[in-house]
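Chemist: Encoded as structure tokens, here's the structure I'll be asking about.
The values are calculated or read from the model by the stated rules, or taken from the named source; none is laboratory data. Since the model is a prediction, treat every value here as computed from it, not as a measurement. Glycine gets a Cβ as well: all are built from the backbone with ideal geometry, and neighbour counts include every protein chain shown. All accessible areas refer to the heavy atoms of the entire protein, side chains included, with ligands and DNA or RNA removed. Shrake-Rupley method; radii C 1.70, N 1.55, O 1.52, S 1.80 Å.
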Amino acid sequence: MLDCYDSAEFAVRSILNYIDGNFVRGKRDFADMNPADGSVIAQVSEADQNLVDQAVSAARKALWGEWGRRTVRERAASLHHIAHAIESRFDCFVSAEVADTGKPITLASQLDVPRAAANFRAFADLIKTASLESFRTETPDGKDALNYAVRKPLGVVGIIVPWNLPLLLLTWKLAPALACGNTVVAKPSEETPATATLLAEVMKEAGIPDGVYNVVHGFGPNSAGEFLTTHPDVNAVTFTGESQTGAAIMKSVAPSLKPVSFELGGKNAALVFADCDFDEAVNGVAESVFLNTGQVCLCAERVYVERAIYDRFAEALKRKAESLTVGWPLEKSTDLGPLISSGHRQKVLSYYQLARDEGGTLVAGGGIPHFGNALDSGYYIQPTIYANLPETARCVKEEIFGPICHIAAFDSEEEAISLANNTKYGLAASIWTTNLKRGHRVAQQMNVGITWVNCWFLRDLRTPFGGVGLSGIGREGGMHSLNFYSELNNVCIRL
Ligand code: NAD
């Protein structure tokens, strides 16, 4: 269906919905743009209510078919086959992801696509060893019983994901959902429909029965996203995206009381103490601010530095930001590709302007780069640092989701902790210090779902992942995912 995106010249192609093992055209198309040069790379077929109904009913039917009869061991083997099939089409996935997102090819090939395969392997291995509790009950009146829990699938799971790490985030949810025996209707972002569709071909190759994995394309409100979340035969919704969208989805699922797992936005802090390894901290903080052009939920947009090293650190971070290469994603030397869309660039630029209006001092960047060639049609933006904004400034409070941070000084550990926690979000924090005790002490006081000490973005897939406050509901990762994507039935047997 989708051939390999194997060159910088992308022919216009069709990206269709995938329902019950068939590629299906809807009534309307929308354009899939390459953010690197603003060209149209595909026409995407939007799923209307009728197609979403068909996808959900295919998923429901598949629950009770061959897939439902597969043992845990067989499902685990299927997941390994999917991982293998992704790797055998590695270059196709990389080029499709680069074309859709504009992210550097180095990032797609070192992070996005390998992590997709790793997600399937991790949950294939975990489901085989996942144990459940059992209790012997002896009541005072002499009754004796054995209790044990049985893990069952939730049913049809609706997966809705954003555009920043399209394949990585889809498979992060899909792999445990399949491991637990569910069937799935996935709705990728309207900005990045390609790799979810390519994955449909992989499912066929890996021997996954028709109807187990379905893909519907479209938007949120009054489109495929809303049709999926409000569908009475969808048993659970797992969503990654903006906090406001999470709130809208929560409303849609409320009447049917569907369980939800929400991985939402962030306004993450990096705390740099004077006792840090200076170069390691500069490089680590720069990566945490600018990776994927700042379009990672875990990116730091607030950098707090102990006053003793503030000036030196701000100068080093500025030099680092100015040394980054913004450019064509297929060049191996590119550090930052474009933002995802013209609309998103407008939004990020409006925050660059707002930072000035709010009294901020520009340290680095602040505008859009000019190339004098075709790249000027892409949605590039300069890596940017501001200073001297009050803590109440909107730029310090609101998630921007671009390559921008605000840098400020702190005078004590207590102040650093209070500044980091002064947000309605609570996804991630990073702490840069060589004092082991301080690292532990401060980390445990961060009001977030994940805290890094002297690193950023490192993950063991078995660990809990999620956020507090506006950053999400629930945890995924390892057993936390298996517990969300399954229902436990406790069996109690009188002995
Ligand atoms: P978004 O919320 O605009 O869209 C995400 C998905 O939801 C898309 O597929 C979209 O079509 C769909 N959608 C939108 N409105 C909907 C509705 N009413 N009903 C059903 N579906 C709807 O997010 P985005 O702009 O694509 O992604 C960026 C956001 O994602 C940022 O806020 C970022 O922090 C967040 N994010 C969070 C994590 C995490 O793990 N916490 C990871 C990546 C991105």
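Chemist: Tally the residues that are closer than 24 Å to Tyr351 by Cα and assigned to a strand (DSSP E or B), restricting the search to the stretch 291-320.
Modeler: Total satisfying the criteria: 6.
Chemist: Within the stretch 442-483, count every residue that is within 14 Å of the ligand (Cβ to nearest atom) and part of a helix (DSSP H, G or I).
Modeler: The number of residues fulfilling the criteria is 5.
Chemist: Now for a separate question. For the stretch 234-251, how many residues meet the condition of being within 6 Å of the ligand (Cβ to nearest atom), without any contact (Cβ under 8 Å) to a residue 60 or more places away in the chain and not hydrophobic (A, V, I, L, M, F, W, C)?
Modeler: Of the residues in that region, 1 qualify.
Chemist: Which residues, taken from the stretch 224-233, are touching a residue at least 40 places away in the same chain (Cβ under 8 Å) and within 13 Å of the ligand (Cβ to nearest atom)?
Modeler: Ala224, Gly225, Phe227, Leu228, Thr229, His231
Rundown of residues vs (1) hydroxyl-bearing (Ser, Thr, Tyr); (2) buried (at least 22 other Cβ atoms within 10 Å of the Cβ), yes/no style:
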| residue | (1), (2) |
| --- | --- |
| Pro176 | no, yes |
| Thr192 | yes, yes |
| Ala196 | no, yes |
| Phe239 | no, yes |
| Ala248 | no, no |
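Chemist: Given the criteria within 25 Å of Asp32 (Cα to Cα) and part of a loop (DSSP other than H, G, I, E, B), does Thr334 qualify?
Modeler: Yes; evaluated as a whole, the condition is true for this residue.
Chemist: Name the residues in the stretch 370-416 that are without any contact (Cβ under 8 Å) to a residue 40 or more places away in the chain and either under 26 Å from Glu476 (Cα atoms) or of a type in the set (Ser, Thr, Tyr) (or both), would you?
Modeler: Going residue by residue through the stretch 370-416, those that are without any contact (Cβ under 8 Å) to a residue 40 or more places away in the chain are 370, 372-373, 376, 386, 388-393, 412, 414-415.
Scanning the stretch 370-416 gives Tyr386, Thr392, Ser412.
Chemist: Between a first residue in the stretch 201-223 that is open to solvent by 10 Å² or more (accessible area, probe 1.4 Å) and a second residue that is acidic (Asp, Glu), which pairs have beta carbons less than 7 Å apart while being 6 or more apart in sequence or on different chains?
Modeler: Once the first residue is open to solvent by 10 Å² or more (accessible area, probe 1.4 Å) and sits in the stretch 201-223, its partners that are acidic (Asp, Glu) give Pro209/Glu66; Asp210/Asp20; Phe219/Glu190; Gly220/Glu226.
Chemist: While we're here: Would it be correct to say that Pro390 is under 21 Å from Asn422 (Cβ atoms) and outside the structural domain of Gly38 (by TED's automatic domain parsing)?
Modeler: yes
Chemist: Taking the stretch 452-484 on its own, how many of its residues are open to solvent by less than 70 Å² (accessible area, probe 1.4 Å) and out of contact with any Gly (no Cβ under 9 Å at 6 or more places or on another chain)?
Modeler: Residues meeting the conditions: 5.
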